[in-house]
Every structure is written in C-alpha cells, then in structure tokens.
Amino acid sequence: MENKYKSVIEDAVAKLYEQYPELDEKYGEVGRKKCYEDNIHHFNYLESASDVGESKVFSDYALWLNSVLVSRGMKSDHLIDNFKCIKESIKESDVDKGEEFKLYLNEAIESIQAADSENMPFPK
C-alpha cells in the first residue's frame, strides 16, 4: 500500500513542512519520517473507508487521532492542515479514488472542526 501512494505522501509531507518550517527545526529528519508514517496510516484508513463505502470510518479515525494528538499538546489545526496537504497532493496526482478520498478528508476536517467548536468554553 505504501508504494501505491508514496509520491502523494512525500508531496503532502513536503507541503506540510513548507507551511510549518518550525517542524524541521524542532523534529528534523526523524519528524519527517514519523509524519510520512502517519500519512501511511491516514491512507490505510482512507482505503478502509472506501472499501466499505462509508466516510464515517475515516471521520471516526480522524476524531480519535485528533483527541490523542490534542491530549499530547498538539493542535487540531496541525491534523487539519495535514489533511489539507493530502488533498492538495491528491489533486495534483492521478490517484485512484482521489475524488472519494478528498470527500472523506473534507468530512473528517468538518468533523474535527465541529468537535472543537462543541468543546470550546463559553465566554463569561
């Protein structure tokens, strides 16, 4: 599976690191490798969602992952921006199921944003 999306994943990681140059400073090449591996997992879940024809599979994964990342000090924007980079990379490639994957990514982004807005404290 990894080789099937290798160039798209590499492009998405490059886009993310262009957007967040501080990631290179903070994590270096080890961080890029981990980001690449994380994106492999994203594509595994995109494939699973596609196999069963249910976008909720990917959205549920994204919500779970976001809760894990936020509990470790990350921001939802990091995952959302990563998904946006994947969408851009898919758009620039000829990936099978690309349109379907972009739809799933959009729905996951909307789910994360909705969950974030539900969890925001009300102003006093």
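The values are calculated or read from the model by the stated rules, or taken from the named source; none is laboratory data. It should be emphasised that the depicted structure is a prediction, and the values quoted were computed from it without experimental measurement. In this analysis, Cβ positions are derived from the backbone assuming ideal geometry, glycine residues included, and neighbour counts consider all displayed protein chains. Each accessible area value is taken on the protein alone, full model and side chains, heavy atoms only, with ligands, DNA and RNA left out. Shrake-Rupley method; radii C 1.70, N 1.55, O 1.52, S 1.80 Å.
What the table shows:
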{"item": "Angstrom value of the Kirkwood radius, inverse mean 1/r, which spans all Cα pairs in the chain", "result": "14.9"}
{"item": "Where labels lie 7 Å past Cα in the beta-carbon direction, separation of Asp60 and Lys91 in nm", "result": "3.0"}
{"item": "Packing rank of 82-90, 99-107, where each peptide gets the mean count of other beta carbons within 10 Å, highest leading", "result": "82-90, 99-107"}
{"item": "Partner lysines for Lys26 [C-alpha distance under 30 Å; skip if fewer than 8 residues away on the same chain]", "result": "Lys4, Lys6, Lys15, Lys34, Lys75, Lys84, Lys87, Lys91, Lys102"}
{"item": "Of all accessible heavy-atom area on the range 25-96, the percent that carbon and sulfur account for (1.4 Å)", "result": "51"}
{"item": "Nearest-20 debye value, the range 47-124 charge dipole, Cβ charges on Lys, Arg, Asp, Glu", "result": "460"}
{"item": "FRET efficiency for Val52 and Gln19, using Cβ-Cβ distance with R0 set to 35 Å, rounded to 0.05", "result": "0.65"}
{"item": "Computed helical MRE - 222 nm, the chain, DSSP H runs ≥ 4 contributing -39500 (n - 2.57), nearest 500", "result": "-29000 deg cm²/dmol"}
{"item": "Gaussian network model of the chain, Cα within-10 Å springs - most flexible of Lys91, Lys15, Lys26", "result": "Lys26"}
{"item": "Förster radius 22 Å - calculated FRET efficiency between Asn3 and Lys33 (Cβ-Cβ, nearest 0.05)", "result": "0.85"}
{"item": "Solvent-accessible area per residue, Å², over the chain with all protein chains present [probe radius 1.4 Å]", "result": "61"}
{"item": "Percentage relative contact order, the chain, counting C-alpha pairs under 8 Å, at least six apart", "result": "32"}
